[in-house]
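Okay, so here's the structure we're looking at.
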Amino acid sequence: MKVILTAAFFASFVFVASGHAQSAPAAYTQKCQMCHGATGRGDTPAGKALGARAFNTPDVMKLSNADLLSVIKNGKGKMPAFAGKVSDADITALAAYVRKLQ
Ligand code: HEC
């Protein structure tokens, strides 16, 4: 019985931990959320001040994956560039996460 409970405890822990990792890459919470918000609406004080649009507005929806990668790497308007600050693998994961938020 004790063994089963222990196994169940660890199984639920792994489930919660991996669920969290999928909900937002650490790089998003650390580098993007302050402007784009947890849900990608740009509704934070910094996002509103700088004019970050919601990721689900039509103009942003129609950007290609290459466009998303390029904005994240090179910046755009008041958005800072992240090439060199975030690894290429993280930039790819961030672009995929922007798509998911849309
Ligand atoms: C300092 C605030 C700030 C941070 C931090 C920031 N952004 Fe932005 N982002 C902006 C602003 C402002 C725009 C709109 C730029 C424009 O159109 O002039 C933008 C635009 C974008 C766009 C294109 C959508 C559009 O409106 O054209 C994407 C995609 C994006 N950001 C993703 C990210 C990701 C991913 C991160 C984290 C690595 C990030 N941003 C970090 C401010 C920020």
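Of the residues that sit in region 19-54 and are modelled with pLDDT under 95 and surrounded by 14 or more Cβ atoms within 10 Å (Cβ to Cβ), which one is farthest from the ligand (Cβ to nearest atom)? The extreme case among them is A24.
The set of residues from region 74-102 being among the aromatic types (F, W, Y) and within 9 Å of the chain's Cα centre (by Cα) comprises just one member, Y97. Can you confirm whether L94 is of a type in the set (A, V, I, L, M, F, W, C), surrounded by 13 or more Cβ atoms within 10 Å (Cβ to Cβ), near the ligand (Cβ under 8 Å from one of its atoms) and touching a residue at least 40 places away in the same chain (Cβ under 8 Å)? Yes, satisfied. Considering only residues that are closer than 16 Å to C32 by Cβ and more than 8 Å from the ligand (Cβ to nearest atom), which ones fall in region 55-64? N56 - this is the single residue of region 55-64 that is closer than 16 Å to C32 by Cβ and more than 8 Å from the ligand (Cβ to nearest atom).
The values are calculated or read from the model by the stated rules, or taken from the named source; none is laboratory data. Just so we're clear, the structure is a prediction, and the values are computed from it rather than from any experiment. No Cβ is skipped: glycine too gets one built from the backbone with ideal geometry, and neighbour counts run over all protein chains shown.
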